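Everything on this sheet refers to the single structure shown next.
The values are calculated or read from the model by the stated rules, or taken from the named source; none is laboratory data. What you are looking at is a predicted structure, and each value in this text was computed from that prediction instead of being measured. A quick note on method: Cβ atoms are made from the backbone with ideal geometry, for glycine too, and the neighbour counts reach across all protein chains shown.
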Amino acid sequence: MTTYYHSKYAKRRKKKSRFHRIIMYLLVFLIILALGVAYWMYRVIFYPNVWIEEGEQSSVYIPDGADFEDVKVILYSQGLIINRRNFEWLAREKKYPELIKAGHYIIRQGMSNNELVNMLRAGEQEPVDVIFNNINTKEDLAARISSQLEFDSLQLINLLNDSTFLSQYDFQPENIKVMFIPNTYEFYWTTDPKGFMDRMYIEHKAFWNDRRKALADSIGMSIHEIVTLASIVEKETNKNDEKDIIAGVYINRLKRGWLLQADPTLIYAWGDFGIKRVLNIHKQIDSPYNTYKNAGLPPGPICIPSISSIDAVLHYDRNDYLYFCAKEDLSGYHSFSKSHTQHIKNARKYQEALNELKIYK
């Protein structure tokens, strides 16, 4: 009897022990599985998943209206994502496909999925440098700016030609170029045309501080007139060390009531910026920008002048010159004269130099 109970008890203990072992194995398996899942999630979320072939960072532009498929094409086409499946899984978990924001983003080497998705989802875009110089027309300006920001050039052109819109800045289509100061400016890539114009007006007001306005007043010219004359100086020379002398010549002519007879205004009137030699036929054009026919300054700037040209007019050289002509050495510098006789001599030398190079127009 004792043997029977002992045997029965032993069997029961054996079953219990086997059950405990199964439970233990199951717990160990679950722990290992949990650790594996945790490690996988760590790799998916925090492990570096951005690789940049050259350099430490890359620019990515996500346009307005883009969806998640568009974003993937943008990222994958640049080869930025190492494990695409992991990136897409986390992006969906974080609801990024419903929270896409347009902008210019800087993707850095070694970013994790978590860092990348958080940045894109929050719209933490980086500003871009917007640069413009050597601008002749409003169309040139719109094309240059739209190549650096997201909007279409036509949108900006429409504003630049809209009298009602421009009146809020106290400008009109014929003189709006006065408002722009060539420089480098930081903008968000998604800035719209009105935002761009508002910023340029602020920069215009900052540039024309009390000191510059006082200099303009001392010359007896408005800001509009200063910039218009500066645009002519800009087109006459790229030599900063003679800009103030050329400005002095034109101011001398204005004071005497002479026609400016500025060749760059004829080129602007013709709309042919490839003209290298102004001929008598060019002087016959019927245009308010023809300073061979119309007295005073033209109705607006013939380009957006550089700061150096504006300051050259504000600090113009108080000289007695009434004429100037490009030097015959074609150095880009000019010969200045007080008499028409000397000017004719200088002009002939320059014309002969052009003839030798067979530059006839």
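Computed quantities for the displayed model
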| item | result |
| --- | --- |
| Criterion: surrounded by 19 or more Cβ atoms within 10 Å (Cβ to Cβ) and without any contact (Cβ under 8 Å) to a residue 40 or more places away in the chain - qualifying residue of Phe171, Phe165, Phe196 | Phe171 |
| The range 222-258: number of residues that are in a loop (DSSP other than H, G, I, E, B) and either within 16 Å of Ile302 (Cβ to Cβ) or under 30 Å from the mean Cα position of the chain (by Cα) (or both) | 4 |
| Enumerated helices (runs of 4 or more DSSP H) restricted to the range 109-218, each holding at least 3 residues that are within 29 Å of Thr265 (Cβ to Cβ) and out of contact with any Lys or Arg (no Cβ under 6 Å at 6 or more places or on another chain) | 138-146, 153-160, 163-166, 193-207 |
| Residue count, the range 274-284 (criterion: surrounded by 15 or more Cβ atoms within 10 Å (Cβ to Cβ) and either of a type in the set (D, E, K, R) or in a loop (DSSP other than H, G, I, E, B) (or both)) | 3 |
| Tabulated pairs, the range 331-358, first at positive phi, second of a type in the set (Lys, Arg), C-beta under 7 angstrom, 6+ apart or interchain | Gly332/Lys239 |
| Odd one out for Gly274, checked against (1) of a type in the set (Gly, Ala, Ser); (2) touching a residue at least 60 places away in the same chain (Cβ under 8 Å); (3) farther than 23 Å from Met179 by Cβ | (2) |
| Enumeration of residues in the range 323-347 that are assigned to a strand (DSSP E or B) and closer than 15 Å to Ala262 by Cα | Tyr323, Phe324, Cys325, Ala326, His334, Phe336 |
| Options Arg212, Arg199: the member that is closer than 18 Å to Arg144 by Cα and outside the structural domain of Ser306 (by TED's automatic domain parsing) | Arg199 |
| Enumeration of residues in the range 143-173 that are β-branched (Val, Ile, Thr) and in contact with an Asp or Glu (Cβ under 7 Å, 6 or more places away or on another chain) | Ile157 |
| Some residue of the range 291-313 being in contact with a strand residue (DSSP E or B) (Cβ under 7 Å, 6 or more places away or on another chain), assigned to a helix (DSSP H, G or I), closer than 20 Å to Asn134 by Cα and among the hydrophobic types (A, V, I, L, M, F, W, C) | no |
